[in-house]
1. Which whole-number percent gives the relative contact order of chain A, counting Cα pairs below 8 Å spaced six or more residues apart?
2. Mind pulling the angle between the C-alpha long axis of helix A:230-244 and the longest principal axis of chain A? Nearest 10 degrees, somewhere in 0 to 90.
3. Take every DSSP beta bridge with both residues inside segment A:3-253 and express the antiparallel ones as a percent of the total, to the nearest 5.
4. Write down, largest first, the equivalent ellipsoid semi-axes of segment B:294-433 in whole Å, where each equals the square root of 5 times an eigenvalue of the alpha-carbon gyration tensor.
5. Among DSSP beta bridges whose residues both lie in the protein assembly as shown, state the antiparallel percentage, nearest 5.
6. Can you tell me the orientation of helix A:178-191 relative to chain A, as the angle in degrees between its alpha-carbon axis and the longest Cα principal axis, to the nearest 10?
7. Between Rg and the Kirkwood Rh of segment A:1-45, both from Cα atoms, what is the Rg to Rh ratio?
8. Treat each spin label as a single point 7 Å out from the Cα along the C-beta direction, and report the residue B:64 to residue B:359 distance in nm.
Ligand SMILES: Nc1ncnc2c1ncn2[C@@H]1O[C@H](COP(=O)(O)OP(=O)(O)OP(=O)(O)O)[C@@H](O)[C@H]1O
Ligand SMILES: [Mg+2]
């Protein structure tokens, strides 16, 4: 029950199937990595889980701790315990990081309670310091004019501030330099807990040297075609997707 | 120390001849010019004014409860160094300048006081000219009726860092108010003045014809903000003109929230090189409100900058019109002149019109003009929702964020905070979950 469970999910975009009978179960306490070639549907999966309306879900189920979240609003799904670190975080002009995260925290409090500003800023600054984000960033418009790496670090900052049950990180490592990669990995490892599950979407095995996954899945053409332990990422790195196609896809097709 | 003024004065025969002449010619202009029609280029897209303007009349001194209401709600500007509060064009309270500024020659006077005792100060500027953007008829009415307002004179080299505030409240149904603001900033002086226009009730339908005139002498630094927050029944004309001389720094900010129909004309003339003028405006239109904005940036001298940014958010079936002209005269080389209008449509029924224009007679200039109209970005919204922020709050944050680049230019944290609150109040009923 304490898991993020996706069963036989079929999703179309403009009538074209993108996710095809996709199934995946992430119990709390585990880190799952999801790898797969460009355009295979990883971000589509992440956004469908987060409640994006533009995708046609034709069948399947998504359960968060046993409760269906399919068809729920993105804000409800967030409050139910899901966090998506975006592959391409949006720029929100005129909304400061501090006010943005504060609004998200406020949404988690009962109606008549408001945030304790002193505690809030202490937590925010501590977490920014840990992620080596300059405190001056609090007043800057969210993601506006941020470098690629700054955006990704800011996603992780939001994630650590909101303390979700399940974290989906969509290529958070892309655009990070080596130092930033370690900082972000440290941030994730600090959040690692028996009470929390992770789905880490990545193209690079390098990240998985720092965040050791429990399970690695390989996705191809809308579904998971092979799963293994952390070694699988290394094997994939050396053999490439042709190996996946030859070894797992054709055998599935027959 | 605040003093309450109880006298009731009107324009009268004791006025100097030059003023009587200007009032008469204003009256003639008002009577002779036709009511503008949408065929007039200056009134394109504006809805036709069906109202009988003559039905609006100056109102007598208001009753105490109206005055009390005005006094207890004149709070937008915190800790002004001096203040005037008018209700229906009657001065009801004034906080004079501190003695040390008066000793330095600074004058901050109600219009009546200025006419009586400082007519020489007024004569070169007062009612001589206004915007040339289509409202000459209404300026004529203003000139013949004006009896309330503020005259601010800052002598050479005197810098005032704290804001000066002027409140104009309308209180009477079918009342006419004609607030006037004259700022004379001598060379190297510095001053900041904030006009607030508002109504004491939700119901009184009033006609406002306000005019302001800023005279910026060389190297003066002038900051003028005007906040229009009349009730939704009001008809409002604001006719603002300014002259910038050599190295004058002039910053204009207009916040437009209220009125049924509000026409805002803002005209700046740069007559000296090295001047830097900014014109910012923020409007929130809802229901059937119409904001009609006409601007004119004239560069008569080289090496100067004028930068205009007008942002509008439109709810319901509201309308906005932005029509702006940049005119760069021959010889005004190395001019930088910008004009940007951005409209955020929050309802498909709302209607934003933009008429940007350029007229450039110099050949070495940097000018740009542009207008954009767009909706809330669905991806931005999804991003915010995905953090658990409810739809209503997300929309508010996006709309407030849209205005933030104007709000942060207000230069005062407390005023910025008070304006954000006003905006939030206005959105609260508009943005539903
Ligand atoms: N809004 C959309 N409209 C049309 N096609 C889309 C849309 N979003 C995704 N697609 C298509 O769906 C497919 C899957 O895209 P998705 O972004 O999920 O891939 P991905 O696995 O995340 O790729 P990458 O590794 O490059 O990030 C692609 O072919 C993409 O072009
Ligand atoms: Mg992707």
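1. Computed over chain A, the figure is 27 percent.
2. The two axes meet at around 50 degrees.
3. On the way: 24 of 41 bridges.
In segment A:3-253, approximately 60 percent of DSSP beta bridges are antiparallel ones.
4. After scaling each eigenvalue by five and taking roots: 35, 17, 13 Å.
5. 20 percent
6. Once rounded, one gets 80 degrees.
7. 1.02
8. The answer from the label model is 5.6 nm.
We did not get these values from a lab; they are worked out from the coordinates using the rules stated. None of these values were measured; they are calculated from a predicted model. Note that each Cβ is placed from the backbone with ideal geometry, even for glycine, and that neighbours are counted across all protein chains shown.
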